[in-house]
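A short worksheet on the structure shown next.
The values are calculated or read from the model by the stated rules, or taken from the named source; none is laboratory data. These figures come from a predicted structure and were not determined experimentally. For neighbour counting, all protein chains shown are included, and Cβ atoms are generated from backbone atoms with ideal geometry for every residue, glycine included.
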Amino acid sequence: MNSAPYPRIEVDPPNDYPLYRSTGLRGPKRPLVPLAQSLSEITGPVFGHERVGPLDHDLTAQHGGDPIGQRIILTGRVLDGDGRPVRGQLVEIWQANAGGKYRHPVDDTSAALDPNFSGAGRCVTDDDGRYRFVTVKPGAYTWQNHPNAWRPAHVHFSLFGTAFVSRLVTQMYFPDDPLFPYDPIYNSVPDDGDRHRLISRFDLDATIPAEALGFSWDIVLRGRHATPFESQEG
Amino acid sequence: MTELLRPTPSQTIGPFFHFALPWTDGGLLVAPDAPGAVHITGQVTDGADQPVIDALVEIWQADPAGHYAHPDDPEPSAFVGFGRVPTDAGGRFDFTTLKPGPVPGPSGSPQAPHLSVSVFARGLLARLSTRIYFPDEIEANASDPVLASVPPARRATLVAVAEGDVLRFDIHLQGEMETIFFAV
Ligand SMILES: [Fe+3]
């Protein structure tokens with residue numbers, strides 16, 4: 001049995017995944033070395049409102065005009081391993097614009113930049129663990145991984161959780177994307193159920209009539225065994 | 001025992017995070033002229049020994065007394081021992097910080113002073129985790145339970161090298177000198 005405070009549950013993609021070509025020279029070749037969790041691993045930075053400005057959650061309001069694209073509300077709850085809300089948690093996101101273009105010098109795709117859209121957002125979860133962003137739906141984009149390679153539309157997410165071990169950088173997808181079968185990054189998650197949990201769901205309740213479509217996506221961070229359980233075991 | 005929920009899986013940070021994640025002065029945990037400031041620099045390289053110019057490196061550490069800025073520390077520190085920097089065009093990263101004190105290990109025995117490190121990059125589908133130990137802590141390193149748990153031939157990949165006023169810690173994603181990465 002796993003007695004680590006934050007048990008390791010294998011959900012992540014492998015380091016070596018040849019279908020994603022860049023892993024070839026970058027993914028470590030040797031197995032990860034087990035590490036007994038100490039205070040160094042069960043602590044981690046705790047960031048909240050001090051990193052967030054008033055317009056950071058609204059990616060459609062960061063410039064003088066309206067960005068091009070389908071307005072969406074992106075919301076959901078950040079939960080720990082017991083399904084409890086993770087409150088006051090900094091959530092950072094970044095994404096391409098509606099045409100599938102990032103505001104980044106390395107993005108050499110032919111799509112246009114939108115002067116009214118940067119694509120970076122931050123917010124802090126509320127007492128229910130809920131985050132909420134106003135943005136536009138990102139476009140799919142091409143990349144060089146293999147001939148005719150396209151990434152399904154996605155939004156990048158970064159969260160800290162409550163400990164060094166719970167740090168998470170991931171991507172959220174949109175329902176029914178026809179590109180899923182062809183995307184090695186999405187398909188690198190070994191378990192079908194885990195992989196499907198990267199997909200948001202259309203949420204009529206989160207839509208704003210005549211303004212924005214709603215998508216809901218919950219995030220589960222590495223969970224910790226409750227202390228009473230540990231003393232029962234002892 | 002209640003079953004824990006399966007966490008949301010990791011996906012690569014990709015090549016386009018630079019306009020969102022780096023923070024102003026993300027590598028300065030203290031001012032360069034602060035008393036006791038230590039300068040840690042290094043390079044991330046790939047399996048062809050080429051610099052990884054689009055990685056994000058984060059550190060997490062205790063304060064000089066060995067306490068973390070976290071409620072689970074018996075004496076939570078006011079020093080937020082967190083830094084985050086993207087690698088530059090040479091694959092390099094820099095942190096200016098304070099040297100942490102020893103912190104308790106999993107069984108209560110002390111661990112040598114160390115920084116916990118996360119590495120993210122295009123081509124890494126999940127965060128990599130390693131540690132930076134200090135070269136002047138010969139005795140503490142010799143009795144550190146984590147250093148003791150790794151193959152002796154690879155132990156040196158976890159210890160910074162003193163180069164004048166700076167500590168150098170290179171991160172080799174692959175190759176002969178592949179850095180030890182932990183399953184945390
Ligand atoms: Fe992307």
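One table, with the values for the structure above:
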quantity	calculated
Selected residue (only one of A:162, A:207 is surrounded by fewer than 19 Cβ atoms within 10 Å (Cβ to Cβ) and in contact (Cβ under 8 Å) with a residue 40 or more places away in the chain)	A:207
Odd one out for residue B:104, checked against (1) within 30 Å of residue B:47 (Cβ to Cβ); (2) within 14 Å of chain A (Cβ to nearest Cβ)	(1)
Tally of residues being part of a loop (DSSP other than H, G, I, E, B) and either surrounded by fewer than 19 Cβ atoms within 10 Å (Cβ to Cβ) or out of contact with any strand residue (DSSP E or B) (no Cβ under 8 Å at 6 or more places or on another chain) (or both) across the stretch B:80-98	4
Count of the stretch A:77-105 residues which are facing another protein chain (nearest Cβ under 8 Å), of a type outside the set (Val, Ile, Thr) and in a strand (DSSP E or B)	3
One residue from A:212, A:163 being away from the ligand (no atom under 16 Å from the Cβ) and more than 14 Å from chain B (Cβ to nearest Cβ)	A:212
Residues located in the stretch B:3-34, provided they are among the β-branched types (Val, Ile, Thr) and within 7 Å of another protein chain (Cβ to nearest Cβ)	B:8, B:12, B:13
Exclusive hit being modelled with pLDDT of 95 or more, assigned to a loop (DSSP other than H, G, I, E, B), surrounded by fewer than 22 Cβ atoms within 10 Å (Cβ to Cβ) and in contact with a Lys or Arg (Cβ under 8 Å, 6 or more places away or on another chain), set B:64, B:7	B:64
Criterion violated by residue A:142 - all others in (1) within 14 Å of residue A:19 (Cα to Cα); (2) within 16 Å of the ligand (Cβ to nearest atom) satisfied	(1)
Unmet requirement for residue A:74, which otherwise passes all of (1) crowded, with 18+ Cβ neighbours inside 10 Å; (2) closer than 16 Å to residue A:216 by Cα; (3) away from the ligand (no atom under 16 Å from the Cβ)	(3)
The listed residue being farther than 22 Å from residue A:162 by Cα, polar (S, T, N, Q) and away from chain A (no Cβ under 13 Å), out of B:43, B:50	B:43
Flag for residue A:64 being at pLDDT below 95, surrounded by 15 or more Cβ atoms within 10 Å (Cβ to Cβ) and more than 16 Å from the ligand (Cβ to nearest atom)	no
Meets criteria (crowded, with 19+ Cβ neighbours inside 10 Å, among the charged types (D, E, K, R) and either away from the ligand (no atom under 13 Å from the Cβ) or assigned to a loop (DSSP other than H, G, I, E, B) (or both)) for residue A:122	yes
Near pairs, Cβ below 8 angstrom, 6+ apart or cross-chain, from the stretch A:137-157 (more than 13 Å from chain B (Cβ to nearest Cβ)) to any residue that is of a type in the set (Ser, Thr, Tyr) and near the ligand (Cβ under 9 Å from one of its atoms)	A:150/A:141
Residue match in the stretch A:54-74 (condition: outside any loop (DSSP other than H, G, I, E, B) and within 14 Å of another protein chain (Cβ to nearest Cβ))	no
Odd one out for residue A:36 among (1) at the interface with another protein chain (Cβ under 8 Å from one of its Cβ atoms); (2) buried (at least 18 other Cβ atoms within 10 Å of the Cβ); (3) of a type outside the set (D, E, K, R)	(2)
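Here's the yes/no breakdown for (1) out of contact with any Pro (no Cβ under 9 Å at 6 or more places or on another chain); (2) part of a strand (DSSP E or B):
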{"position": "B:100", "(1), (2)": "no, no"}
{"position": "B:115", "(1), (2)": "no, yes"}
{"position": "B:126", "(1), (2)": "no, no"}
{"position": "B:132", "(1), (2)": "yes, yes"}
{"position": "B:139", "(1), (2)": "yes, no"}
